[in-house]
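Scroll down for the structure; my scribbles are underneath it.
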Amino acid sequence: MNRLNRLFRIFAVFVLFTGCNNAFAESDVTVGQLTCEYLANPMGIDVTNPRLSWILESSQRGQRQTAYQVLVASSEDNLKHNKSDLWDSGKVTSEQSIHIVYAGKPLKSRQRCWWKVSVWDKDGSQTAFSEPGFWEMGLLEKSDWRAKWLSISGESNSQEAQPSPFFRREFAAANGIKKARAYISGLGYYELYLNGQRVGDHVLDPAFTRYDKRVLYAMYDVTNRLKEGKNAVGIVLGNGWYFRHNVEEWDFHKSPWRARPTFICQIEIEFVDGSTDIIASDAAWKVSTGPIIFDSIRNGEIYDARLEMPGWNAADYNDSGWKEAQVVDGPKGKLCAQMLPPIKVVKEIAPVNLTEPKPGVFVFDMGQNFAGWAQLKVSGPAGAKVTLKYGDVIDANGTIDQKRYSQLTRQGFFQTDMYTLKGEGTEIWEPRFTYYGFQYVEVTGFPGKPVLDNLRGKVIHTSFESAGRFECSNGLLNKIQQATLWSYISNFQGYPTDCPHREKNGWTGDAQLACEMGLYNFDSASAYTKWMNDFKDEQRENGMLPGIVPTGGWGYDITWMKGPQWRSGFGPAWDSAYVLIPWYMYQYCGDTRILAEHYNGMKRYVDFLTDKSPDGICWLGLGDWCPATEQTDKKVTSTGFYYGDAIIVSKVARLLGKDEEARKYADLAEKIKQAFNSQFFDANTSRYAQGTQTANSCALYYGLVDTGSRQKVLENLIANIERHNGHLDAGILGVKYLLNSLTEAGRADVVYRMASQTTYPSWGHWISRGATTLWESWDGRDSRNHIMFGPISEWFYKALAGISAVPEYPGFKQIFIHPQPVGDLVWAKAEHKSPYGLVKSGWRKEAGKLILEVVIPPNTTGIVYVPTGNADTVTEGGVAADKAEGVKPLRTEPGTAVFNVGSGKYKFESSI
Ligand code: BGC
């Protein structure tokens, strides 16, 4: 041991014995995983009072934060020396470790803020400061934008598709570049190049918004991409949603904001001598067309490699044949920072099979249904044309069946790429401005016979990280879980969609149903934050919402719904996404800002429903969509949503301190409840409406059933399921109700039986038919990649592993661990990365015992329900549970002993 080490040890022992409360006394807690507005070290944010969060780690039980101190500095060096020139929160006595609102000096455009945090633990000992994190402000003022919107032509409203424009500009940079940033937005989509190289790995950027209200821009650190002397910047644009040139069902081709592709770009350079330079898009840029001769988000891409322009995005390219770029007005929307993870290629998939159903027609099977595209590797003569047709259904001839999806895209081909070879050795190509939903790729025109190696699948989605894992002893359920994850990511491309092929629409009902499972499985909070802003942009003055968000104007006033009272969109099961998703974000992420931000919109929506439902019964909407056999009166589910929304708005009002409004919406909810029961409840039969699974479970799910009738309604529901031989018989709304209401009522066993079926209608039936994603309808006739039956995955977490947030302690500040060892399950386990850290719950049955292992992250507490036949037999860590450290018995319930625990790892054992 060297001297220094020895001295340190002596010091450490001294600190331990004196119980010294000084900085960095013996807390075993470490602080890390810093995030700002849900993002790790975000570049380019425009929230001027961003929220900071961190996670504690500790091996001790019961560890928690009692106070914190945040330091924010304008440079890394200042922060290192604790010179917090932007903000020093001081020691704040608080357990709050998520969403701490920055309250320092006003933040300016371009400012890089470095921050770190230290906390005081349960014993009042201060931890070491975390590693530094940062966030960087984007451009906050309109006047920060010196750049102009550019396009290839001033004539913006042509219906005709045009080849993609390529823009370039050369510029000189002086010596001593200290830092450089590029701010860019390009609609529909852009790719940015500097000195011949692509900048960043975003694809299909920026995320889709309502472009006349809001346009997102990205920011890149390009310091290392510039050089002293000559530089060149190049930009390619795709049409995306911005310039829908083909006629289609949802009228995007008629959007009021529709225009020819355009971009705005500003490269800002700071030099070591303090001087700055800005290279902004202006009339000095040049433009040409190139090899992308057609691109369309719904149709596909046509590329002629013979038209490539090698070196177009590097210096010294001869652009004498290029035209001057045109300055245009650009979209009307406000430029806002893109504060969600970009869409990226997140994975590459190799095909598993290749067939030749007809001479010269080759079908690659990727072995997985997903969203993205294929990369083609080919060699052959110049001018040879290879066509790639994408789909997820194979017809009787072994070729791709696109018919079920293509009809609503009324013009042109569908999900198809065409690549013309330049004839120079091995050519590798993939499309850039479109994506597809597919498992199979049909290749024609290929020179010679392809092999598996000629194609790769590129999987794309909004690149949020995984936030959960579930597995159990039932292999079928594990397959269902995987299929659900694939459908969720396939259907999140900057906004949640219904399916990646037929529509690519932000159908709101599908997304609200999938939100809870999404938040269990993925770190998707920032993406939902963005999507709620889209709702704000789309909501009409009278509260009305469209069925799809974003929209080009379609989906509000749907006239095909018979008579004037139906002319109100898709109804509350869809529109309530605007009430439910902020509420889920509060429950799962502890987010109160999103509630405050959207409270008025949520309220306006409920008022809209009230206006349409004077007697408390809501007539609007589609009702339980894609049911198996039983149809449920749509008034039942729509009124259920109306009631649920009124309750949420009342609770949000209470949280925001608006007590009078809280009472008003609670009274409204009561009125709806009475109307619902008098209209739908039959006291003689204890059934709602026609007694379908959906109707009865809807009433139970929303807590609309009077206490005295609850048991009978439940029995009726279960009897119906029995009549269906243990199968569900419901659509997308009924499924969510069934899973949750039966579990709530202690009958997770009934759900387990439904979930493990392999015959129609069930998830297992899809799997038995080869599904690797969830389908749109139980019979498989429609889309093969829809997420709206996804709540099954939420149930795996909530019920089988038993992890859920306690409503009164949002964000998993307190955690329920309430596992359900049902049916023939032998084990199940899940973990979820909550805002406070990793929560785990895993149980297994072993020799007449049940072993339950639990992890409750520091700064949270848990309520653990240990399944047991005899509460007295429960042990934790080998000792009687009531004697174990950090474990307090709360009560026993039939079959369960309930304990309160502090944070830490626990191993309970009980006889069953
Ligand atoms: C979509 C659904 C959507 C529904 C509502 C369908 O075409 O694919 O997922 O919710 O329309 O009408």
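Before moving on, here are some points about what is shown:
Condition check ((1) of a type in the set (Phe, Trp, Tyr); (2) in contact (Cβ under 8 Å) with a residue 12 or more places away in the chain; (3) touching a helix residue (DSSP H, G or I) at 6+ places or on another chain (Cβ under 8 Å)) across all residues:
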| residue | (1), (2), (3) |
| --- | --- |
| Lys122 | no, yes, no |
| Ser125 | no, yes, no |
| Leu139 | no, yes, no |
| Asp144 | no, yes, no |
| Trp149 | yes, yes, no |
| Lys178 | no, yes, yes |
| Leu187 | no, yes, no |
| Leu192 | no, yes, no |
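- Screening Ser777, Ser804, Ser793, Ser783 for residues that are of a type outside the set (Asp, Glu), touching a Lys or Arg at 6+ places or on another chain (Cβ under 6 Å) and in contact (Cβ under 8 Å) with a residue 60 or more places away in the chain leaves exactly one candidate, Ser783.
- Filtering Ala881, Ala828 for residues that are touching a residue at least 60 places away in the same chain (Cβ under 8 Å) and surrounded by 21 or more Cβ atoms within 10 Å (Cβ to Cβ) leaves a single hit, Ala828.
- Residue within the range 786-807 that is under 30 Å from Val352 (Cα atoms) and open to solvent by 10 Å² or more (accessible area, probe 1.4 Å) present: no
- Residues satisfying the stated conditions in the range 329-363, i.e. open to solvent by 30 Å² or more (accessible area, probe 1.4 Å) and within 26 Å of Lys148 (Cβ to Cβ): Asp329, Lys332, Lys334, Leu335, Met339
- Residues within the range 843-864 that are under 16 Å from Pro821 (Cβ atoms) and open to solvent by 20 Å² or more (accessible area, probe 1.4 Å), tallied: 7
- Test: residue in the range 563-572 that is within 16 Å of the ligand (Cβ to nearest atom) and modelled with pLDDT of 95 or more: yes
- Filtering the range 364-399 to residues that are of a type in the set (A, V, I, L, M) and open to solvent by 10 Å² or more (accessible area, probe 1.4 Å) leaves Ala382, Ala384, Val393, Ile394, Ala396.
- Screening the range 659-683 for residues that are of a type in the set (D, E, K, R) and touching a residue at least 24 places away in the same chain (Cβ under 8 Å) and picking the one that is nearest to Thr610 (Cα to Cα) gives Lys671.
- Filtered residue count, the range 728-753, keeping only those that are in contact with a helix residue (DSSP H, G or I) (Cβ under 7 Å, 6 or more places away or on another chain) and within 16 Å of Phe796 (Cβ to Cβ): 11
- When the residues of the range 612-641 are filtered to those that are under 14 Å from Phe676 (Cα atoms) and either within 16 Å of the ligand (Cβ to nearest atom) or of a type in the set (Gly, Ala, Ser) (or both), the one that is most open to solvent (accessible area, probe 1.4 Å) is Lys634.
- Every residue from the range 206-251 that is farther than 27 Å from Lys142 by Cβ and either in a loop (DSSP other than H, G, I, E, B) or modelled with pLDDT under 95 (or both): Lys227, Glu228, Arg244, His245, Asn246, Val247, Glu248, Glu249, Trp250, Asp251
- Check on Ala755, over 14 Å from Pro627 (Cβ atoms), surrounded by fewer than 24 Cβ atoms within 10 Å (Cβ to Cβ) and out of contact with any Lys or Arg (no Cβ under 7 Å at 6 or more places or on another chain): no
- Residues that are within 16 Å of the ligand (Cβ to nearest atom) and either modelled with pLDDT under 95 or of a type outside the set (A, V, I, L, M) (or both), drawn from the range 783-810: Ser783, Arg784, Asn785, His786, Phe789, Gly790, Pro791
- Residues in the range 657-672 that are open to solvent by less than 60 Å² (accessible area, probe 1.4 Å) and not hydroxyl-bearing (Ser, Thr, Tyr) were compared, and the one that is nearest to the ligand (Cβ to nearest atom) is Ile672.
- Evaluation of Lys813 against the conditions (1) open to solvent by 30 Å² or more (accessible area, probe 1.4 Å); (2) within 16 Å of the ligand (Cβ to nearest atom) shows that the sole unmet condition is (2).
- Selected residue (criterion: farthest from the ligand (Cβ to nearest atom)) from residues of the range 526-543 that are under 17 Å from Tyr605 (Cβ atoms) and open to solvent by 10 Å² or more (accessible area, probe 1.4 Å): Glu541
- Elements of type strands (runs of 3 or more DSSP E) contained in the range 415-525, each with 3 or more residues being in contact (Cβ under 8 Å) with a residue 60 or more places away in the chain and away from the ligand (no atom under 16 Å from the Cβ): 416-420, 436-444, 455-462, 468-472
- All positions within the range 106-119 that are in contact (Cβ under 8 Å) with a residue 60 or more places away in the chain and open to solvent by less than 30 Å² (accessible area, probe 1.4 Å): Trp115, Lys116, Val117, Ser118, Val119
The values are calculated or read from the model by the stated rules, or taken from the named source; none is laboratory data. Every value quoted in this text rests on a predicted model; they were computed, and no experiment measured them. Methodologically, a virtual Cβ is constructed for each residue, glycine included, from the backbone with ideal geometry; neighbour enumeration extends over all protein chains shown. SASA here: full protein model, heavy atoms, side chains in, ligands and nucleic acids out. Shrake-Rupley method; radii C 1.70, N 1.55, O 1.52, S 1.80 Å.
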